[in-house]
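*Asks:* Dropping a structure here in structure tokens format, bear with me for questions.
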Amino acid sequence: MPNAGRPSFRPASIAVESPDGKAPRHKYEPAQIEPVWRSRWKKSKLFEVADPKPGELVDKFYVLEMLPYPSGRIHMGHVRNYSIGDVIARFWRMRGKHVLHPMGWDAFGMPAENAAIERGRHPADWTHENIATMRGQLEPLGFSYDWSREVATCEPEYYRWEQQIFTRMLDKGLAYKKSAIANWCNRCETVLANEQVEDGRCWRCGSEVVQRELDQWFLRITRYADELLEGLEALKGGWPDQVLAMQRNWIGKSSGARIRFPLTDEAKRVAAAAVGPTQTPSALLADGLDVFTTRADTVYGVTFVTVAPEHPLARAAAKGGPNAAAVAAFLEKMAKVKDQERASESAPKDGVATGLFVRHPLTGADVPVWVGSFVLMGYGTGAVMAVPAHDTRDFAFARQHGLPIKVVIKPVEAAAPVVAEMKDATTEYGVMLASGEFDGLSSQEGKKKVAAKLASMKLGEETVSYRLRDWLVSRQRYWGCPIPVVYGEDGAVLPVPDSELPVLLPRDVQITGEGGSPLVRHPTFSKAKDPRDPRKPARRETDTFDTFWESSWYYHRYTSPHFDQGPFDPAVAGAWMPVDQYIGGIEHAVMHLLYARFFHKVLIDLGFLPQGAAREPFKALLTQGMVTMQTQFVNDAKGMPVYLYPEQVDEGGKARAPGYEGVAVERGRVEKMSKSKRNVVDPDAMVAKYGADTVRVFMLFASPPEAELIWSDAGIEGAHRFLARVFRTIRDIVALPKAPPAAERSGDAMALRRKLHQTLQRVTVDVGERQQFNTAIAAMMELVNELVPATAKVQAGQPSPGLAEALRESAELLVHMLSPFAPHLADELWSTMDGEGFLLSRRWPTVDEEAAREDAIEIGVQVNGKVRGRIRVAKDAPEGIALALAREEASIAAHLGDKMPKKVVYVAGRILNIIV
RNA sequence: GCCGAAGUGGCGGAAUCGGCAGACGCCCCCGAUUCAAAAUCGGGUUCCCGAAAGGGAGUGUGGGUUCAAGUCCCACCUUCGGCACCA
């Protein structure tokens, strides 16, 4: 973009006369500078970006920060996230990219409902107020958002489209209903979120939480399991390896075999009796008990079979099996224990015998069926064949319950273990034994052959299993997007037709936290008409969507936020997508990012996006760490900690809180900033005190983006001092008398230019490639540390040809480099040097490689691996020269003595190591 | 428990590909400036021994590979993130 014709702006800062009447001084007053520049940016619509026109070749760059939940006030974690995003957005715009940088609100969610319960506020009012407050808090930080694209997900203009997407998913079989377990409080008659369960009790009334089955909506994300897994390959390099690993493990693909153990007659009878005459038996029990195993080679070592407490056979055994009472008691006990604890390896291997038997598919032997705490219904088939000799958990279970152990694998070059002497299972691959026709085969071979044999008997097959489960999207809550379905009198599940969308969330509800979802109790909401025949009544679905739904597609909506013919304009979305840089907390590494990836693929497959669109929505991902701070507390009469806000502690470490005045404050651990621990710093107060630029620079300087950031008041002072130093120094440079151009450059001038261009090089790489903003700022600090004495030298009139020009060049390049970090200050300083327009509209400066070049560098010289001195040599000096120089160095010669070097290791430009 | 990270001076951190540990900032100390203070400017600042020159130790712990390890390998400890209804 050419800069011609742009007006220059007047500086907003005012010169202050010093009281002694000497030269006017300039004081860095952010409060004077920042509002002026923000209003100039706004007036010129600097941050609004036009959509690429069809067919136009645009070098676009989509920078996206995870949209916030409007919880009430902005916290430092948001400020950090958005400061990182803003540096990236501004940097790439200066690099000539056409940048999209939007912001919005993830406005549905539980806290709004909790506020309604606790304070009687309507969730809609509470949410809208919070959005207004938080938008107001973001404004003074000077982020370069295109606010004309703002989105709030609780608006019908937004959620109507996710209703439409849902009906399309329903058509394709991607959405379905099945029974699932939820936390249930009998007293409040309501479903509880996991975080609302404290020690197995309801957080509100304290009564015991039970597991209850409900018919719920699921999305078939498992259909995309393979693609979600394989897609990770394409993200290598752009996404952190750790996130890719977490997603890979979450999907948890494992290859193995499904093996069917036929039921004995008695087991069949018990199973049939339990399901009753009208219901068909579960698919899991149709012709036998299916297990999933990755070790088909150990099938001859099966001594029992373990099923999950939720397994249909366990249920049946509890109702009518030979050991029904004990099984029923066990099932009741397990209903109160979370999967996480049940599956833990150190957990007791609780279990109970069902008294039922199945037949071994190859030997025909009767195998007892047990119910085990560690078997999870959600994985595989909810049943495992137990091979205690070769599986750690089965081994522990067998020992605990006195079940037989049978060795069927031996190491290749050792004898088979003796059962009586075994202390643990031997899980390594080896050679099969005591396995009939398979004896002598390797584990790898055996797995295939066993599976093939079972397949020929129609009692098994090779298969893959995923840890990933289908996504449960139903919530029995009010403040969410209504699921657009009605149920006909005949029980038919009927999607709401497009013409009747959106299904509006009614405003007139009673929110008490008791008696189930407010939508169920609403007088008219659930009363609907049958779309097939409007004369017939139908019952409307009262569940709402999981709020991960909204955040799974919002990044598309930003591309055409006002489009009213569909969720987004496919052409515009196609032009902007994929997101080039996504930035957010590491806590979203698995769920949000997996759901969003899934949605993006579904949107393409449903035709909402062009078929040829890139199948991964986020090309690059930056996961930032949390903002933490020391907690401080005093002890109350019972010795319990009473946490204090930072402002409740005076400099002497004494409390100022009511009731605890003057009490010595104890310092607790450093924890994530949270209201409950009161270790919070209000962004507003910091901006008021130091200015937005200082807050931004500190956030970026204090830690690398992916690491935890520990807030410190002293640290922010340092950031402020740096900016004040930049301000003063550049004003001093601008005020220098103009000298005629020097014909030659002094050593000082060359050294300064070298530092300048090396700094530009470092900042360019640190921001553009490494995304290490702390080191970029450190580099600029180093430059300023050299500008200060150089400026003083010129001010003092000491001759140094070319230095004044080098200083001017430095000032000019520095404001460009600094502008993504401290945009208000940079534009202000730019205006004092008669710069045109805004820095954001200018091009990022180019490194003068010649000026940056370093001819001689210092390298360390080691004697026997210990550094004994340093020499200054050319970067590519040959070994002979380096060695000769080293010998001349007294400190090195002293260590060498007259010993002959045994070996010399020389890496040019890095190290010289002499071994004697 | 499982999956993924992190651990470096008094503090936040730097060291980009195995090559000078501690860049930059904070704190603290000394000096200049000032009637004085703040601010600013200059200097010092890993620890131990030493007056100094210099020497020794040192990147969570224990081992290993290497001419050379904060960086690679093995084991362990501690802290943090996620674990499917918090977002």
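The values are calculated or read from the model by the stated rules, or taken from the named source; none is laboratory data. Please read these numbers as outputs of a predicted model, since none were measured by experiment. No Cβ is skipped: glycine too gets one built from the backbone with ideal geometry, and neighbour counts run over all protein chains shown. All accessible areas refer to the heavy atoms of the entire protein, side chains included, with ligands and DNA or RNA removed. Shrake-Rupley method; radii C 1.70, N 1.55, O 1.52, S 1.80 Å.
*Asks:* Any idea which residue in the range A:591-637 is least open to solvent (accessible area, probe 1.4 Å), counting only those that are among the charged types (D, E, K, R) and within 30 Å of A:HIS75 (Cβ to Cβ)? Outline the logic, then answer.
*Replies:* If we filter the range A:591-637 for residues that are among the charged types (D, E, K, R), which is where we start, we get A:597, A:601, A:605, A:615-616, A:619, A:636.
Okay, now just the ones that are also within 30 Å of A:HIS75 (Cβ to Cβ), so A:597, A:619, A:636.
Details: A:ARG597: 0, A:LYS619: 115, A:ASP636: 47 Å².
Of everything passing the filter in the range A:591-637, A:ARG597 is least open to solvent (accessible area, probe 1.4 Å).
*Asks:* Assuming A:ARG467 fulfils every condition listed in (1) farther than 30 Å from A:ASP297 by Cβ; (2) open to solvent by 40 Å² or more (accessible area, probe 1.4 Å) apart from one, which condition is it?
*Replies:* All conditions are met except number (1).
*Asks:* Say we look at the range A:284-310 and pick out the residues that are crowded, with 19+ Cβ neighbours inside 10 Å and over 26 Å from A:LYS406 (Cα atoms); which of these is farthest from the chain's Cα centre (by Cα)?
*Replies:* If we take residues in the range A:284-310 being crowded, with 19+ Cβ neighbours inside 10 Å and over 26 Å from A:LYS406 (Cα atoms), then A:LEU285 is farthest from the chain's Cα centre (by Cα).
*Asks:* Within the range A:693-718, which residues are in a helix (DSSP H, G or I) and more than 6 Å from RNA strand B (Cβ to nearest atom)?
*Replies:* Keep residues of the range A:693-718 that are in a helix (DSSP H, G or I), which gives A:693-701, A:713-718.
Once the filter is applied, which keeps residues that are in a helix (DSSP H, G or I) and more than 6 Å from RNA strand B (Cβ to nearest atom), the range A:693-718 yields A:ASP693, A:THR694, A:VAL695, A:ARG696, A:VAL697, A:PHE698, A:MET699, A:LEU700, A:PHE701, A:ASP713, A:ILE716.
*Asks:* Being more than 6 Å from RNA strand B (Cβ to nearest atom) and closer than 26 Å to A:GLY747 by Cβ narrows it down to one residue among A:ILE871, A:ILE859, A:ILE914; which is it? Please lay out each step first, then the result.
*Replies:* On the way: A:ILE859 fails: more than 6 Å from RNA strand B (Cβ to nearest atom); A:ILE914 fails: closer than 26 Å to A:GLY747 by Cβ.
Only one candidate passes the filter, namely A:ILE871.
*Asks:* Here's a follow-up. Would you list the helices (runs of 4 or more DSSP H) that sit entirely within the range A:245-349 and hold 3 or more residues that are at pLDDT below 85? Show your work before the answer.
*Replies:* Values: elements: A:265-275, A:312-320, A:324-334, A:339-343.
The helices (runs of 4 or more DSSP H) meeting that bar are A:265-275, A:324-334, A:339-343.
*Asks:* Test A:ALA193 against the criterion of being more than 30 Å from A:ILE604 (Cβ to Cβ), surrounded by 15 or more Cβ atoms within 10 Å (Cβ to Cβ) and near RNA strand B (Cβ under 9 Å from one of its atoms), and give yes or no.
*Replies:* Working: more than 30 Å from A:ILE604 (Cβ to Cβ): yes; surrounded by 15 or more Cβ atoms within 10 Å (Cβ to Cβ): no; near RNA strand B (Cβ under 9 Å from one of its atoms): yes.
Against the criterion (more than 30 Å from A:ILE604 (Cβ to Cβ), surrounded by 15 or more Cβ atoms within 10 Å (Cβ to Cβ) and near RNA strand B (Cβ under 9 Å from one of its atoms)), A:ALA193 does not qualify.
*Asks:* Go through the range A:19-35 and report how many residues are buried (at least 18 other Cβ atoms within 10 Å of the Cβ), at pLDDT 90 or above and of a type outside the set (Phe, Trp, Tyr).
*Replies:* So the answer is 3.
*Asks:* Count, please, the residues in the range A:95-131 that happen to be surrounded by fewer than 20 Cβ atoms within 10 Å (Cβ to Cβ), modelled with pLDDT of 95 or more and of a type in the set (A, V, I, L, M, F, W, C).
*Replies:* So the answer is 2.
*Asks:* Also: Taking the range A:451-501, which residues are in contact with a Leu (Cβ under 8 Å, 6 or more places away or on another chain), outside any strand (DSSP E or B) and away from RNA strand B (no atom under 16 Å from the Cβ)?
*Replies:* Correct list: A:LYS453, A:LEU454, A:PRO484.
*Asks:* Right, here's the next one. Only one of (1) open to solvent by 80 Å² or more (accessible area, probe 1.4 Å); (2) within 16 Å of RNA strand B (Cβ to nearest atom); (3) of a type outside the set (Ser, Thr, Tyr) is not met by A:CYS202, so which one is it?
*Replies:* Answer for A:CYS202: the failing condition is (1).
*Asks:* A further question follows. Could we say that A:ALA735 is assigned by TED's automatic domain parsing to the domain that holds A:GLU805 and either of a type in the set (Ser, Thr, Tyr) or away from RNA strand B (no atom under 12 Å from the Cβ) (or both) here? Before the answer, list the steps.
*Replies:* Numbers: assigned by TED's automatic domain parsing to the domain that holds A:GLU805: yes; either of a type in the set (Ser, Thr, Tyr) or away from RNA strand B (no atom under 12 Å from the Cβ) (or both): yes.
Judged against the criteria, A:ALA735 is a match.
*Asks:* Here is a follow-up. Which is at pLDDT below 85, more than 22 Å from A:ARG260 (Cβ to Cβ), assigned by TED's automatic domain parsing to the domain that holds A:ALA296 and buried (at least 19 other Cβ atoms within 10 Å of the Cβ), of A:ALA415, A:ALA420, A:ALA425? Spell out the reasoning first.
*Replies:* Numbers: A:ALA415 fails: buried (at least 19 other Cβ atoms within 10 Å of the Cβ); A:ALA420 fails: buried (at least 19 other Cβ atoms within 10 Å of the Cβ).
So the residue among A:ALA415, A:ALA420, A:ALA425 that is at pLDDT below 85, more than 22 Å from A:ARG260 (Cβ to Cβ), assigned by TED's automatic domain parsing to the domain that holds A:ALA296 and buried (at least 19 other Cβ atoms within 10 Å of the Cβ) is A:ALA425.
*Asks:* While we're on this one: Exactly one of these conditions fails for A:THR623: (1) within 15 Å of RNA strand B (Cβ to nearest atom); (2) farther than 30 Å from A:ALA575 by Cα; (3) of a type outside the set (Asp, Glu); (4) not in a helix (DSSP H, G or I). Give me its number.
*Replies:* (2)
*Asks:* May I pose another question? Being free of Cβ contacts under 8 Å to residues at least 60 places away in the same chain and more than 30 Å from A:VAL767 (Cβ to Cβ): is that true of A:GLU717 here?
*Replies:* Numbers: free of Cβ contacts under 8 Å to residues at least 60 places away in the same chain: yes; more than 30 Å from A:VAL767 (Cβ to Cβ): no.
No, not satisfied.
*Asks:* Now for a separate question. So which residues in the range A:205-221 are at pLDDT below 95 and either open to solvent by 40 Å² or more (accessible area, probe 1.4 Å) or of a type in the set (A, V, I, L, M, F, W, C) (or both)?
*Replies:* A:CYS205, A:GLU208, A:VAL209, A:VAL210, A:GLN211, A:ARG212, A:GLU213, A:LEU214, A:ASP215
*Asks:* Also, quick follow-up: Would you check which residues across the range A:222-239 are open to solvent by 30 Å² or more (accessible area, probe 1.4 Å), touching a residue at least 60 places away in the same chain (Cβ under 8 Å) and not acidic (Asp, Glu) and list them?
*Replies:* Step one: filter the range A:222-239 for residues open to solvent by 30 Å² or more (accessible area, probe 1.4 Å), giving A:222-223, A:226-227, A:229-230, A:233-234, A:236-237.
Okay, now just the ones that are also touching a residue at least 60 places away in the same chain (Cβ under 8 Å), so A:222, A:227, A:234.
The answer is A:THR222, A:ALA234.
*Asks:* While we're on this one: What do you reckon, is A:ALA778 in contact (Cβ under 8 Å) with a residue 12 or more places away in the chain, within 9 Å of RNA strand B (Cβ to nearest atom) and either surrounded by fewer than 24 Cβ atoms within 10 Å (Cβ to Cβ) or of a type in the set (Gly, Ala, Ser) (or both)? Can you show your working first?
*Replies:* Working: in contact (Cβ under 8 Å) with a residue 12 or more places away in the chain: yes; within 9 Å of RNA strand B (Cβ to nearest atom): yes; either surrounded by fewer than 24 Cβ atoms within 10 Å (Cβ to Cβ) or of a type in the set (Gly, Ala, Ser) (or both): yes.
The answer is yes for A:ALA778.
*Asks:* If you go through the range A:662-671 one residue at a time, do you hit one that is out of contact with any strand residue (DSSP E or B) (no Cβ under 7 Å at 6 or more places or on another chain), open to solvent by 40 Å² or more (accessible area, probe 1.4 Å) and basic (Lys, Arg)? Explain how you work it out, then say what you get.
*Replies:* Step one: filter the range A:662-671 for residues out of contact with any strand residue (DSSP E or B) (no Cβ under 7 Å at 6 or more places or on another chain), giving none.
There is no residue in the range A:662-671 that is out of contact with any strand residue (DSSP E or B) (no Cβ under 7 Å at 6 or more places or on another chain), open to solvent by 40 Å² or more (accessible area, probe 1.4 Å) and basic (Lys, Arg).
*Asks:* Which residues, taken from the range A:549-590, are β-branched (Val, Ile, Thr), open to solvent by less than 10 Å² (accessible area, probe 1.4 Å) and either out of contact with any Leu (no Cβ under 6 Å at 6 or more places or on another chain) or assigned to a helix (DSSP H, G or I) (or both)? Spell out how you get there, then give the answer.
*Replies:* Here is the first cut: in the range A:549-590, the ones β-branched (Val, Ile, Thr) are A:559, A:572, A:579, A:583, A:586, A:590.
With the extra rule that they be open to solvent by less than 10 Å² (accessible area, probe 1.4 Å), the set shrinks to A:559, A:579, A:583.
The answer is A:THR559, and nothing else.
*Asks:* Condition first: open to solvent by less than 60 Å² (accessible area, probe 1.4 Å) and more than 10 Å from RNA strand B (Cβ to nearest atom). Now tell me which residues in the range A:781-796 satisfy that.
*Replies:* Quick first cut of the range A:781-796, residues open to solvent by less than 60 Å² (accessible area, probe 1.4 Å) only: A:781, A:783-784, A:787-788, A:790-794.
Passing the criteria: A:LYS793, A:VAL794.
*Asks:* Right, something else. Looking only at the range A:798-834, count every residue that is small (Gly, Ala, Ser) and either in contact with a Gly (Cβ under 8 Å, 6 or more places away or on another chain) or open to solvent by 60 Å² or more (accessible area, probe 1.4 Å) (or both) and tell me the total. Outline the logic, then answer.
*Replies:* Pass one, the range A:798-834, residues small (Gly, Ala, Ser): A:800, A:802, A:804, A:806, A:810-811, A:819, A:822, A:826, A:831.
Adding the requirement that they be either in contact with a Gly (Cβ under 8 Å, 6 or more places away or on another chain) or open to solvent by 60 Å² or more (accessible area, probe 1.4 Å) (or both) leaves none.
Adding up the residues that qualify gives 0.
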